[in-house]
Amino acid sequence: MSTFSLKFQTSENIPPPFAHAIELSGAIEQNKELDLSFELSYLDRELLSEEEILDEGFSMNDDFKWQGSLPAVWKDIIYGNLKSAKPLKIKDLEPHQHFWQIDFEGQTFYPANADKLSYLLEEIQQAVFEKAGRELPLNLVFYKSQAGETKEIAIHASFVERTVEIRRTENNLPEKTTYLPWEELNFILKNTFSGEFIIDLAFNKKPSHKGTFVNIGDGYWYEVGKSMLIEPHKIKKIFKL
């Protein structure tokens, strides 16, 4: 059995209410799920008024603590990332640098591959939120209506299971379901959320007129070029998956 812990804190340049710290610890044991403890704490919020915190989309208590297990698929992911992490000698952190501390296999160190671990930590946080029922799995729908033809791609991604399911529907043909490698999800998210969403111009139900539309799971349909400002080729890439 291998045990590990990971501590992270945002840099000095990140102000409240965004400044936060995460502590993660667990045990990797053969033939068992991944045992995990997760704690998220927001920092220095006493410096802000309630109105300032709420205006940024937070609540007055966003701290979160959870202990449980994630499916076995997570064990190889975490073990592989920690095993390949190399120590980086740092005397003092610069204001733009985040704090990291990894404890693994008898070593305590700042990882050289902090950028890679940062993305992994985001995935773990999302998996924990999903497992705890704090957030739902990711659901995106891309819909296009043009010249009497329709095409819809619904993407369901579970961070807990690390699966990406795609359901395709064209015109009135039967739905087709396929699965993508987990690594493809980052491509989907980058191409979708690089745009600007204008909720005041969005539709609260699926549009019936011609156009290309995206539903990001918030109950609204955003029209590309109008309520969703994005380079159209990025959404075209999604339809080609």
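The values are calculated or read from the model by the stated rules, or taken from the named source; none is laboratory data. Computed from a predicted model, the values in this text were never measured in an experiment. For neighbour counting, all protein chains shown are included, and Cβ atoms are generated from backbone atoms with ideal geometry for every residue, glycine included. What goes into the accessible areas is simple: the full protein's heavy atoms, side chains included, and nothing from ligands, DNA or RNA. Shrake-Rupley method; radii C 1.70, N 1.55, O 1.52, S 1.80 Å.
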Quick one: how many residues across the stretch 107-116 are under 12 Å from Lys83 (Cβ atoms) and open to solvent by less than 60 Å² (accessible area, probe 1.4 Å)? 2
Among the residues listed as Ser49, Ser37, the single one being open to solvent by less than 80 Å² (accessible area, probe 1.4 Å) and over 22 Å from the mean Cα position of the chain (by Cα): Ser49
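Could you count how many residues in the stretch 200-241 are open to solvent by 80 Å² or more (accessible area, probe 1.4 Å) and hydrophobic (A, V, I, L, M, F, W, C)?
Adding up the residues that qualify gives 1.
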Consider only pairs whose beta carbons are under 9 Å apart and that are at least six residues apart or on different chains; among these, list those whose first residue lies in the stretch 46-68 and is in contact (Cβ under 8 Å) with a residue 24 or more places away in the chain and whose second residue is open to solvent by 80 Å² or more (accessible area, probe 1.4 Å) and in a helix (DSSP H, G or I). Trp66/Lys131; Gly68/Lys131
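Tell me the strands (runs of 3 or more DSSP E) entirely within the stretch 133-211 that contain at least 3 residues that are touching a His at 6+ places or on another chain (Cβ under 9 Å). First the steps, then the outcome.
Values: elements: 138-146, 149-158, 163-170, 176-180.
Filter on the stretch 133-211 gives 138-146, 163-170.
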Top-ranked residue in the stretch 149-175 [being modelled with pLDDT under 95 and open to solvent by 80 Å² or more (accessible area, probe 1.4 Å); ranked as nearest to the chain's Cα centre (by Cα)]: Glu175
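Return the only residue of Phe58, Phe4, Phe8, Phe38 being in a loop (DSSP other than H, G, I, E, B) and under 21 Å from Gln126 (Cβ atoms). Full working, then the answer.
Values: Phe4 fails: in a loop (DSSP other than H, G, I, E, B); Phe8 fails: in a loop (DSSP other than H, G, I, E, B); Phe38 fails: in a loop (DSSP other than H, G, I, E, B).
That would be Phe58, the only listed residue that is in a loop (DSSP other than H, G, I, E, B) and under 21 Å from Gln126 (Cβ atoms).
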Within the stretch 17-30, is there a residue that is open to solvent by 50 Å² or more (accessible area, probe 1.4 Å) and at pLDDT below 95? yes
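To keep it simple, each residue is scored yes or no on (1) of a type in the set (Phe, Trp, Tyr); (2) farther than 24 Å from Val160 by Cα.
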residue: Gln9; (1), (2): no, no
residue: Glu52; (1), (2): no, yes
residue: Asp63; (1), (2): no, no
residue: Tyr79; (1), (2): yes, no
residue: Asp92; (1), (2): no, yes
Among the residues listed as Phe99, Phe104, the single one being in contact (Cβ under 8 Å) with a residue 60 or more places away in the chain, farther than 23 Å from Tyr179 by Cα and open to solvent by less than 60 Å² (accessible area, probe 1.4 Å): Phe104
Within the stretch 72-115, work out how many residues are outside any loop (DSSP other than H, G, I, E, B) and among the hydrophobic types (A, V, I, L, M, F, W, C). 11
Cross-chain or 6+ apart pairs with Cβ under 7 Å, the stretch 218-230 first and under 11 Å from Lys205 (Cα atoms), then among the β-branched types (Val, Ile, Thr) and surrounded by 13 or more Cβ atoms within 10 Å (Cβ to Cβ): Tyr222/Val214
Please indicate, with yes or no, whether at least one residue in the stretch 68-76 is polar (S, T, N, Q) and at pLDDT 95 or above. yes
